[in-house]
Amino acid sequence: MNVSVILCTYNRCDSLANALESVAASSVPEGIEWEIVVVDNNSTDQTRQVVEGFGRRFPGRFRYVLESQQGLCYARNAGVRVAQGAILVFTDDDVIVHQNWLQNISSSLRSGKWAGAGGRVVAANEFKCPSWLALEGPFNLGGVLALFDLGENEGDTRQPPFGANMAFRKEMFEKYGYFRTDLDRSAGSMLSNGDTEFGRRLMSHGERLWYQPSGVVYHGVPESRLTKSYFLRFWFNLGRSDFREGRRRPDVYGIPRWCFTIPKLAVTALPVRAFNWLFALDPKRRFFFKGTVWMTFGQMVEMRKVWTEARTKKKDSSSSEGSPRLP
């Protein structure tokens with residue numbers, strides 16, 4: 001098997017059907033063997049029936065996998081484990097892929113020169129952009145809407161791709177491990193970075209990523225996400241995710257490091273970001289920095305939470321080791 005498409009889904013059987021229809025219509029050169037692995041992360045709607053219907057229409061092309069452990073990265077890892085392709089291509093259940101997407105996003109990985117690749121994620125529907133929202137330039141917030149566009153020129157990139165449109169050689173997972181399950185969406189949580197952390201992990205080990213602008217998927221942007229409250233929730237949880245992604249540094253003489261880091265953030269980063277939020281004249285710039293303030297709060301909250309979890313785990317481990325063994 002040359003290529004496996006891994007698509008994780010949860011209670012979106014309607015949009016899933018559209019996504020699978022577009023992937024099934026992919027134009028792939030003769031001689032390339034490929035499959036579509038649909039990972040159902042505990043859906044309670046008609047997801048299984050939808051996938052089985054495609055399996056009957058396209059015998060041998062579709063596989064249904066149930067991952068009972070809730071969480072997007074658990075689902076992605078389940079797909080990685082069962083996928084038979086040497087190249088693993090990831091997309092989402094709320095996108096429509098271009099007919100040449102699969103060929104274009106996977107072709108650069110066949111030489112072995114690049115560890116992974118990412119393509120453009122553009123809005124599937126026209127929407128009226130709010131006056132406070134920038135989708136280009138220095139205050140671009142398109143990433144909050146899962147949009148990813150680095151322009152028309154292909155080449156090496158230092159920006160890890162998004163989960164809606166990314167591909168990796170399967171050996172990268174065997175070499176560097178799977179997606180981190182403490183990051184990304186799970187049971188209503190808005191944590192993120194599970195996809196981008198893997199790309200950054202590869203680059204930190206010297207691996208190279210490729211940007212392929214001709215590998216295009218179209219991502220729906222629901223109106224419910226075009227609100228300031230949604231963006232601020234995202235920014236707060238991005239702060240949590242960013243801190244959780246980084247390695248926890250050791251305590252200083254038994255004092256948790258967050259006792260030093262939180263005051264440092266409060267004295268240095270937070271005033272600058274708050275000043276730009278409160279006094280910027282441009283509404284796009286103002287809202288961007290308001291988001292960074294929320295992100296800073298998220299970082300502070302997560303610092304203490306991660307430390308508390310680590311201390312509790314250490315305490316439980318010590319208590320267990322000290323307990324008398326039963327005969």
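All of the numbers you see were taken from the coordinates with simple rules; none came from a lab. On a predicted model such as this, the values are computed, not experimentally measured, just so you know. Neighbour counts are summed over all protein chains in view; Cβ atoms, including those assigned to glycine, are modelled from backbone coordinates with ideal geometry.
Helix 72-82 and the long axis of the chain differ in direction by around 40°, with both axes built from C-alpha atoms. Each label was represented as a point 7 Å from its Cα along the Cα-to-Cβ direction; for residue 223 and residue 261 these points are 4.1 nm apart. Taking a 27 Å limit on the Cα-Cα distance, which of the listed pairs 170/313; 113/175; 175/305 fall beyond it? With Cα atoms farther than 27 Å apart: 170/313; 175/305. Ranking 157, 131, 103 by how far each Cα lies toward the positive end of the dipole of segment 95-174 (charges on Cβ) leaves 103 at the top.
Only the Cβ atoms of Lys and Arg (+1) and of Asp and Glu (-1) were treated as charged; on that basis the dipole of the chain about its Cα centre amounts to roughly 1420 debye.
Which is farthest toward the positive dipole end of segment 3-220 among 71, 116, 142, measuring Cα position about the Cα centre, with Cβ charges +1 (Lys, Arg) and -1 (Asp, Glu)? Value computed over the given set: 116.
Taking 0.36 nm per residue of separation and subtracting the Cα-Cα distance, full extension of the segment from residue 304 to residue 189 would add 39.6 nm.
With Cα atoms as the point set, the radius of gyration and Dmax of the chain evaluate to 21.5, 73 Å.
When 149, 40 are sorted by how many other C-beta atoms sit within 10 angstrom of their C-beta, beginning with the fewest, the order is 149, 40.
At most 16 other Cβ atoms within 10 Å and a DSSP loop assignment: could you name the chymotrypsin sites (Phe, Trp or Tyr not before Pro) in segment 27-128 that fit?
Passing both the DSSP loop test and the Cβ count: 127.
Measuring how big segment 54-210 is from its alpha-carbon positions, Rg and Dmax come out at 16.2, 49 Å.
With both residues required to sit in segment 3-220, DSSP beta bridges show an antiparallel share near 40%.
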